[in-house]
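A short write-up of the structure that comes next.
The values are calculated or read from the model by the stated rules, or taken from the named source; none is laboratory data. In this text the structure is predicted, and so the values were computed from the model without any measurement. Quick reminder, even Gly has a Cβ in these numbers, built from the backbone with ideal geometry, and neighbours come from all protein chains shown.
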Amino acid sequence: MTKAKTAKTAAVVPGERLAKRIARAGLCSRREAERWIEAGRVAIDGKTVASPAINVRDQTPITVDGKPLPKATHARLWLYHKPRGLMTTHQDPEGRPTVFAHLPPELPRVISVGRLDLNSEGLLLLTNDGDLARQLERPANGLQRCYRVRAFGRIEPAALNRLAKGITVNGVRYGKITAKIEKRQGANVWLGFDISEGKNREVRKVLEHLGLRVNRLIRVAYGPFQLGQLPQGRVSEVPKRILEKWMMGKEPRKK
């Protein structure tokens with residue numbers, strides 16, 4: 001009887017999942033929001049909740065760490081040309097400079113779509129919507145991350161061509177990689193390197209396995225979104241119509 005009553009009640013509760021609502025407020029991804037809830041950091045009407053399996057409305061009073069949850073707005077996406085020497089985190093325990101401390105003050109609270117490590121540069125996507133970040137990060141969506149890489153050492157095209165079948169490095173399997181030599185420059189070589197999974201330090205680890213030492217790594221595209229001529233340290237918002245086309249499963253038209 002109790003189970004039947006609970007199931008019936010759950011079926012008619014309107015709104016959306018609590019974790020999704022937190023993600024739409026731009027504080028974090030949905031998965032991270034679920035961890036916050038389980039850690040007791042989230043309250044509804046002043047009462048701490050322990051399960052993400054709760055539906056809420058936009059007007060439901062929610063707090064995170066005692067602070068009111070910002071109102072959810074429509075999803076927005078920005079391109080940021082990340083310089084080297086910045087951590088992709090809101091706070092670094094070692095006190096190193098962060099991406100978020102260097103963003104324009106007029107930007108709303110944003111989270112990053114994936115990360116670029118300290119010594120990597122180029123295109124970093126930023127959004128105010130955790131759900132959008134999750135969709136952009138999902139390997140199932142097959143979004144190519146495209147890089148220009150300068151590395152020390154010698155390599156032949158045949159070795160790069162074999163990456164099209166994927167490769168296992170130290171027990172980690174990496175999927176299809178498209179790589180080609182762009183030019184040789186003294187003891188270095190410039191490569192075009194496209195991946196679709198974005199595993200931790202994937203480019204560096206794969207090339208190290210092939211005997212190359214990466215000394216410059218620039219992301220130039222993430223799916224249909226291009227770095228183009230965006231100056232280093234600058235931010236540019238993706239037009240709403242282009243973002244909506246992508247969210248509906250359509251790529252932006254090329255200009």
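Summary of values
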{"item": "Given (1) within 20 Å of residue 231 (Cα to Cα); (2) in contact with a strand residue (DSSP E or B) (Cβ under 7 Å, 6 or more places away or on another chain); (3) in contact (Cβ under 8 Å) with a residue 60 or more places away in the chain, number of the condition residue 111 does not satisfy", "result": "(1)"}
{"item": "Any hit, segment 29-49, residues being among the acidic types (Asp, Glu), under 22 Å from residue 229 (Cα atoms) and not in a loop (DSSP other than H, G, I, E, B)", "result": "no"}
{"item": "Matching residues in segment 39-53 - criterion: being among the aliphatic types (A, V, I, L, M), over 18 Å from residue 130 (Cα atoms) and touching a residue at least 12 places away in the same chain (Cβ under 8 Å)", "result": "43, 44, 49, 50"}
{"item": "Whichever residue in segment 114-152 is out of contact with any strand residue (DSSP E or B) (no Cβ under 9 Å at 6 or more places or on another chain) and among the charged types (D, E, K, R) and, among such residues, is surrounded by the fewest Cβ atoms within 10 Å (Cβ to Cβ)", "result": "138"}
{"item": "Segment 55-105, subset closer than 18 Å to residue 128 by Cα and small (Gly, Ala, Ser), residue nearest to the chain's Cα centre (by Cα)", "result": "75"}
{"item": "Looking only at segment 114-150, and only at residues there that are in a loop (DSSP other than H, G, I, E, B) and acidic (Asp, Glu), the one that is farthest from residue 228 (Cα to Cα)", "result": "129"}
{"item": "Qualifying residue in segment 196-207 (condition: assigned by TED's automatic domain parsing to the domain that holds residue 148, over 21 Å from residue 136 (Cα atoms) and acidic (Asp, Glu))", "result": "no"}
{"item": "Flag for residue 210 being at pLDDT 95 or above, in the same structural domain as residue 152 (by TED's automatic domain parsing) and closer than 24 Å to residue 102 by Cα", "result": "no"}
{"item": "Segment 53-79, subset outside any loop (DSSP other than H, G, I, E, B) and in contact with a helix residue (DSSP H, G or I) (Cβ under 9 Å, 6 or more places away or on another chain), residue surrounded by the fewest Cβ atoms within 10 Å (Cβ to Cβ)", "result": "55"}
{"item": "Residue within segment 200-207 that is part of a loop (DSSP other than H, G, I, E, B), closer than 14 Å to residue 116 by Cα and not hydrophobic (A, V, I, L, M, F, W, C) present", "result": "yes"}
{"item": "Hits in segment 151-173 (condition: in contact (Cβ under 8 Å) with a residue 60 or more places away in the chain, assigned to a strand (DSSP E or B) and not aromatic (Phe, Trp, Tyr))", "result": "151"}
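Residue by residue, here is whether (1) surrounded by 15 or more Cβ atoms within 10 Å (Cβ to Cβ); (2) under 21 Å from the mean Cα position of the chain (by Cα) holds:
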{"position": "154", "(1), (2)": "no, no"}
{"position": "161", "(1), (2)": "no, no"}
{"position": "179", "(1), (2)": "yes, no"}
{"position": "189", "(1), (2)": "yes, no"}
{"position": "194", "(1), (2)": "yes, yes"}
{"position": "234", "(1), (2)": "no, yes"}
{"position": "238", "(1), (2)": "yes, yes"}
